[in-house]
Amino acid sequence: MTRTSPPSPAEHARQALASLALPGGGTLGASDRLGGVAVQGGRINAAIRVTPDEAEAFAPLRAQAEAVLRALPGIDQALVVLTAEAAAPAPPPKLAAPAPTRRPEILPGVAHVVAVASGKGGVGKSTTAVNLALGLRLLGLRVGLLDADIYGPSLPTLLGLHGKPRVGPGRKLMPMDAFGLKAMSMGVLVDAETAMVWRGPMVMSAITQMLAEVDWGALDILLVDMPPGTGDAQLAIAQGTRLSGAVIVSTPQDLSLIDARRGITMFRKVDVPILGIVENMAHFLCPTCGAEHAIFGRGGARAEAERLGAPFLGAVPLTMELRAASDAGQPIVARDPDGALGRLYLELARSLRAELARTTATQPVSPTPVHGGHRP
Ligand SMILES: Nc1ncnc2c1ncn2[C@@H]1O[C@H](COP(=O)(O)OP(=O)(O)OP(=O)(O)O)[C@@H](O)[C@H]1O
Ligand SMILES: [Mg+2]
């Protein structure tokens, strides 16, 4: 008697996608367009191969495919990307390695582009990106901050950005100035409702525009506040820039789980060094009694970072002060640079600078004088 083993989750997902109709006729299953399908826990990533001209027409199929995958039992997140980099059958879906020759054209004056990312949403990427950027600024570096979250931009709120950016020489957009940082976000360019309906290809072109058509000028570091996930925005950043590295933000309870690892794997696949892990909401700082409550235990994140082979940059507590400052558009490092949290982010910034210098020895991160407080 022969036994057939049940299909693997990935195979099951492929079968579910097979009958979807292609824009030009035929089905996805009968074509060679379905790239790799990866299932990890309750998440599925899949890729559909298209040529660049087809991307727009395939956007509805992409959405349909995500809906089909999300409806599978045991799946709570599905991400389908259109891989448009090759007309011929493409290799399995991994982020295309950033083309090294492109960065000098796009960001001629930027020494390092560093992504602030996570495997999942809401862990504090934007909060970390903003305060880390301000910490780097306190170290005397020229710092830019790009909000790559097209659907849910945070920088306008976090930095209290108002108004529209100016158009500068050469018809390029001038970044906004906030607390000595150069900042740009889709949130200051279009209404929230407009961006909400954009599909993948438009997200990619919006990000490319914020890289190429903004006059970033000379910067030591451009921090990119990444949206959650591993989709189009990530692809656009990886393709449009040569990332010097990535900082992964994680909460303690996620670190040991698949999320942080997924973020790390994504960057390692495209040879982007992990500059470090920031543990956010590590412990609770009680506003009334001042006591620290290690709700998720202590030391786990550092140990886990070591296990993942990534430097541990530091741990930020869960505090109402931090949240209130962010909500008020006055990041904690700007509001109170000498307070406990201000000093903590400054330390994180120092560790990041050291790690960046170590991994990119050819391009030292050189401080430039800053009016007001340069802290070596
Ligand atoms: N250490 C902290 N203490 C208290 N509140 C925090 C802390 N870090 C982040 N928050 C709050 O948690 C919420 C989510 O943070 P944030 O927007 O930075 O996360 P994110 O990872 O960028 O989210 P998304 O994936 O939606 O972009 C915000 O309201 C923020 O103010
Ligand atoms: Mg965010």
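The values are calculated or read from the model by the stated rules, or taken from the named source; none is laboratory data. What you are looking at is a predicted structure, and each value in this text was computed from that prediction instead of being measured. Here Cβ is always computed from backbone atoms with ideal geometry, including for glycine, and neighbour counts include all displayed protein chains.
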Looking only at region 145-162, and only at residues there that are under 22 Å from residue 107 (Cβ atoms) and aliphatic (A, V, I, L, M), the one that is farthest from ligand 1 (Cβ to nearest atom): 161
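How about region 114-144: which of its residues are near ligand 1 (Cβ under 7 Å from one of its atoms) and out of contact with any Pro (no Cβ under 6 Å at 6 or more places or on another chain)?
Within region 114-144, the first condition is being near ligand 1 (Cβ under 7 Å from one of its atoms), and the residues that meet it are 118, 121-128.
Answer for region 114-144, where residues must be near ligand 1 (Cβ under 7 Å from one of its atoms) and out of contact with any Pro (no Cβ under 6 Å at 6 or more places or on another chain): 118, 122, 123, 124, 125, 126, 127, 128.
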Members of region 336-350 that are within 18 Å of residue 160 (Cα to Cα) and surrounded by fewer than 17 Cβ atoms within 10 Å (Cβ to Cβ): 336
Test result for residue 212, at pLDDT 95 or above and not assigned by TED's automatic domain parsing to the domain that holds residue 46: no
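Determine whether region 333-350 contains at least one residue that is in the same structural domain as residue 252 (by TED's automatic domain parsing), away from ligand 2 (no atom under 16 Å from the Cβ), closer than 23 Å to residue 261 by Cβ and modelled with pLDDT of 85 or more.
Looking only at region 333-350, we keep the residues that are in the same structural domain as residue 252 (by TED's automatic domain parsing), and these are 333-350.
Add one more test, that the residue is away from ligand 2 (no atom under 16 Å from the Cβ), and what stays is 333-350.
Those still in the list that are closer than 23 Å to residue 261 by Cβ too: 348.
Adding the requirement that they be modelled with pLDDT of 85 or more leaves 348.
Yes - at least one qualifying residue is present in region 333-350.
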